[in-house]
């Protein structure tokens with residue numbers, strides 16, 4: 001209840017209240033409500049009953065209705081949600097929101113501590129002064145809050161770490177998040193943290209869902225994520241979401257503490273909720289002691305966590321330690337062991353993947369494990385089933401490996417009476433010799449654990465997956481061609497191979513279920529745009545087994561077209577590679593220059609897979625049909641890399657010489673090696689790498705003396721420092737575009 005010193009209810013003064021008094025009362029109500037929000041959602045120490053809070057809130061709403069000039073975007077009443085949005089806009093993070101490397105055992109934590117100390121010592125820093133900040137790993141949804149001049153102006157989800165969704169309207173409904181910072185007003189402050197839902201609020205919400213006959217949420221994390229990503233902010237407002245800050249992104253106009261533990265205290269003092277379960281440690285023993293303490297307290301927390309986080313406390317050491325891929329070297333997430341439960345193995349079914357792989361899948365009696373309801377789990381292959389001695393009807397132990405992937409660990413002892421009686425409870429499983437999807441034969445190659453359907457593109461199961469793979473963004477990038485539409489195209493017989501996509505017209509597509517004329521026209525346009533691609537994307541899109549994006553790039557650098565790949569003498573090439581590798585081993589011992597290895601980075605297994613793909617007449621027909629349909633890429637003249645035999649030297653439209661991967665190609669960036677680091681103004685990392693490769697340049701992931709240029713964006717970090725140390729040329733995105741002739 002408000003104290004006696006607080007202003008009286010203006011309603012008691014009657015309608016004669018002066019506008020100045022009304023304005024003063026509105027300001028006072030806003031201050032009181034924000035204080036009570038902070039006490040309830042941040043401190044977890046409410047000082048007034050809910051009824052009193054609701055009375056004050058209703059009073060403020062009434063004042064703002066009667067006097068619209070008093071309305072303010074910072075008013076607590078603005079948190080209740082606005083109009084339904086038509087969708088979420090995208091937000092490019094000023095600095096990437098990185099993920100963390102994981103540890104699942106004590107030795108991994110000790111190895112992390114050793115690596116940090118070694119890196120510090122190698123950089124001339126005093127490893128003896130090392131200190132870690134310790135926090136919880138919250139099981140929620142990562143978001144970024146942008147404050148400008150102390151006011152909240154934007155909220156965004158993590159997304160892919162570079163681009164997220166703009167959920168500002170929904171974030172404003174979370175009462176734990178201040179709309180204005182307390183005591184500070186930096187020009188820019190980006191706060192990184194986690195949105196989550198208390199277990200009690202989750203249970204209460206699910207109870208309401210049941211009463212209303214609506215779908216219940218599986219766990220608090222999914223409930224929090226689903227609530228924050230509602231298109232209607234009013235729905236978000238009705239679900240009690242919380243927030244914990246754990247770091248910052250861009251900071252302009254203010255000096256923040258030099259330690260991470262000090263930064264968390266500073267964020268707390270600025271009015272942002274910070275997790276109370278924190279600590280510091282000087283060594284691996286201290287890290288593990290904190291972990292064990294949290295393990296003991298985990299069940300008593302009001303919210304879900306899936307581990308703890310260790311961070312080097314000195315923030316100026318973070319960039320010095322650098323990053324690996326998209327994870328920092330200065331931090332580690334120590335995850336909890338997977339939770340295990342017992343359920344029944346009801347059946348084993350077989351799924352056929354896009355490459356023909358047959359995967360047995362356990363159908364389980366639904367069971368709640370690791371925060372989700374699990375109904376199936378992969379059994380990998382027939383060897384795995386035999387090793388675990390599984391039978392249909394077994395009671396089995398199930399866990400979520402790494403708290404992510406459902407896994408059948410083992411079977412419990414069987415009932416001897418049931419086995420003796422032969423009641424049919426237990427049944428042995430054998431992998432089918434015929435494909436469940438098309439009836440074709442299945443085969444298991446020598447040395448492989450997996451059985452595969454031999455029908456390739458004639459198999460409906462592989463056809464769907466192959467088309468989906470062909471259309472995905474990193475392949476042919478056909479926007480709008482999703483799995484459901486692919487299913488319709490396959491089921492109606494309109495599309496059997498990827499080449500059939502290029503024969504579709506808008507009129508035919510518009511006749512499909514849930515496809516209007518505009519959607520059909522957009523899809524036809526997207527298919528037409530995909531005709532112009534690059535050779536690496538084309539090869540990746542074919543779905544050749546073992547040929548991912550990097551292998552596709554190596555092949556595209558070595559061969560100008562598909563005909564050259566078809567005509568390659570792959571067995572001779574494999575033999576030549578092996579011979580050169582042996583010779584290089586001898587040269588290395590003698591200290592002599594090494595001979596260039598054809599298709600460096602592609603091993604015998606991949607070579608064999610490529611050979612089998614292009615040896616199959618059906619696959620060659622599809623490739624030729626795609627080229628006849630107009631699929632093309634910029635011409636890149638390159639010598640073949642095959643054997644020196646006379647057979648098949650000349651391939652249509654290709655050079656007849658022999659060479660090694662890396663021979664100069666036509667293009668303004670040919671012969672130059674680039675490293676991309678940091679956040680560029682308008683290109684993603686992938687787009688920048690594609691630009692370099694499109695113009696015959698080479699991209700690597702690490703800086704060395706062989707690097708010609710480092711393309712640096714914001715927050716470039718250790719790669720930029722390495723480039724400066726080695727006196728390697730550093731350029732920006734504009735200079736890269738100019739070099740490539742794409743101003």
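The values are calculated or read from the model by the stated rules, or taken from the named source; none is laboratory data. The structure presented is a predicted model; accordingly, all values stated were derived computationally and were not measured. Please note: Cβ atoms are built from the backbone with ideal geometry, for glycine as well, and neighbour counts cover all protein chains shown.
Couple of notes before you dig in:
Results for (1) at positive phi; (2) part of a strand (DSSP E or B); (3) at pLDDT 70 or above; (4) crowded, with 17+ Cβ neighbours inside 10 Å, shown as yes or no for each residue.
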site	(1), (2), (3), (4)
20	no, no, yes, no
29	no, no, yes, yes
55	no, no, yes, no
61	no, no, yes, no
91	no, yes, yes, yes
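- Among the residues making up segment 699-712, those that are crowded, with 20+ Cβ neighbours inside 10 Å and under 30 Å from residue 538 (Cβ atoms) are 707, 709, 710, 711.
- When the criteria are applied in full, residue 413 fails the requirement of being surrounded by fewer than 16 Cβ atoms within 10 Å (Cβ to Cβ), without any contact (Cβ under 8 Å) to a residue 40 or more places away in the chain and part of a strand (DSSP E or B).
- Within segment 216-240, the set of residues being out of contact with any helix residue (DSSP H, G or I) (no Cβ under 6 Å at 6 or more places or on another chain) and either surrounded by 21 or more Cβ atoms within 10 Å (Cβ to Cβ) or more than 20 Å from residue 304 (Cβ to Cβ) (or both) comprises 221, 224, 231, 232, 234, 235, 238.
- Residue check for residue 612: in contact with a helix residue (DSSP H, G or I) (Cβ under 8 Å, 6 or more places away or on another chain) and surrounded by fewer than 20 Cβ atoms within 10 Å (Cβ to Cβ): no
- Options 321, 346; residue that is farther than 30 Å from residue 543 by Cα, in contact with a strand residue (DSSP E or B) (Cβ under 8 Å, 6 or more places away or on another chain) and crowded, with 18+ Cβ neighbours inside 10 Å: 321
- Here residue 109 clears all of (1) within 23 Å of residue 262 (Cβ to Cβ); (2) in a helix (DSSP H, G or I); (3) in contact (Cβ under 8 Å) with a residue 60 or more places away in the chain except the condition numbered (1).
- Where a residue in segment 171-184 is on the phi < 0 side of the Ramachandran plot and in contact (Cβ under 8 Å) with a residue 60 or more places away in the chain and its partner, wherever it lies, is crowded, with 23+ Cβ neighbours inside 10 Å and assigned to a strand (DSSP E or B), with Cβ under 6 Å and at least six apart: 174/243; 176/242; 176/243; 177/243; 181/147
- Scan of segment 445-467 for residues that are touching a helix residue (DSSP H, G or I) at 6+ places or on another chain (Cβ under 8 Å), at pLDDT 80 or above and either outside any helix (DSSP H, G or I) or surrounded by fewer than 19 Cβ atoms within 10 Å (Cβ to Cβ) (or both), ordered by number: 449, 451, 453
- Residue satisfying all of: in segment 666-679; closer than 24 Å to residue 475 by Cα and surrounded by fewer than 21 Cβ atoms within 10 Å (Cβ to Cβ); modelled with the lowest pLDDT among these: 666
- Test: residue in segment 163-173 that is closer than 30 Å to residue 300 by Cβ and assigned to a strand (DSSP E or B): no
- Residue match in segment 63-75 (condition: in a loop (DSSP other than H, G, I, E, B), over 38 Å from the mean Cα position of the chain (by Cα) and either over 30 Å from residue 684 (Cβ atoms) or modelled with pLDDT of 85 or more (or both)): yes
- Every residue from segment 137-162 that is assigned to a strand (DSSP E or B) and closer than 30 Å to residue 290 by Cα: 137, 138, 141, 142, 143, 144, 145, 157
- Only one of the numbered conditions (1) surrounded by fewer than 22 Cβ atoms within 10 Å (Cβ to Cβ); (2) touching a residue at least 60 places away in the same chain (Cβ under 8 Å); (3) closer than 26 Å to residue 137 by Cβ; (4) over 26 Å from the mean Cα position of the chain (by Cα) is not met by residue 205, and that is (2).
- Subset tally (residues that are under 24 Å from the mean Cα position of the chain (by Cα), at pLDDT below 90 and under 30 Å from residue 304 (Cα atoms)) for segment 352-379: 7
- If you check 607, 622 for being crowded, with 17+ Cβ neighbours inside 10 Å, within 30 Å of residue 324 (Cα to Cα) and modelled with pLDDT of 85 or more, only one passes: 607.
- Residue within segment 725-741 that is within 27 Å of the chain's Cα centre (by Cα), surrounded by 13 or more Cβ atoms within 10 Å (Cβ to Cβ) and more than 19 Å from residue 316 (Cα to Cα) present: yes
- Scanning segment 685-717 for residues that are within 22 Å of residue 634 (Cβ to Cβ), touching a helix residue (DSSP H, G or I) at 6+ places or on another chain (Cβ under 9 Å) and assigned to a loop (DSSP other than H, G, I, E, B) yields 695, 696, 697.
Conditions (1) at pLDDT 95 or above; (2) in a helix (DSSP H, G or I); (3) over 26 Å from the mean Cα position of the chain (by Cα), marked per residue:
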residue: 215; (1), (2), (3): no, no, yes
residue: 231; (1), (2), (3): no, no, no
residue: 234; (1), (2), (3): no, yes, yes
residue: 248; (1), (2), (3): yes, no, no
residue: 256; (1), (2), (3): yes, no, yes
residue: 276; (1), (2), (3): no, no, yes
residue: 287; (1), (2), (3): yes, yes, yes
residue: 298; (1), (2), (3): no, yes, yes
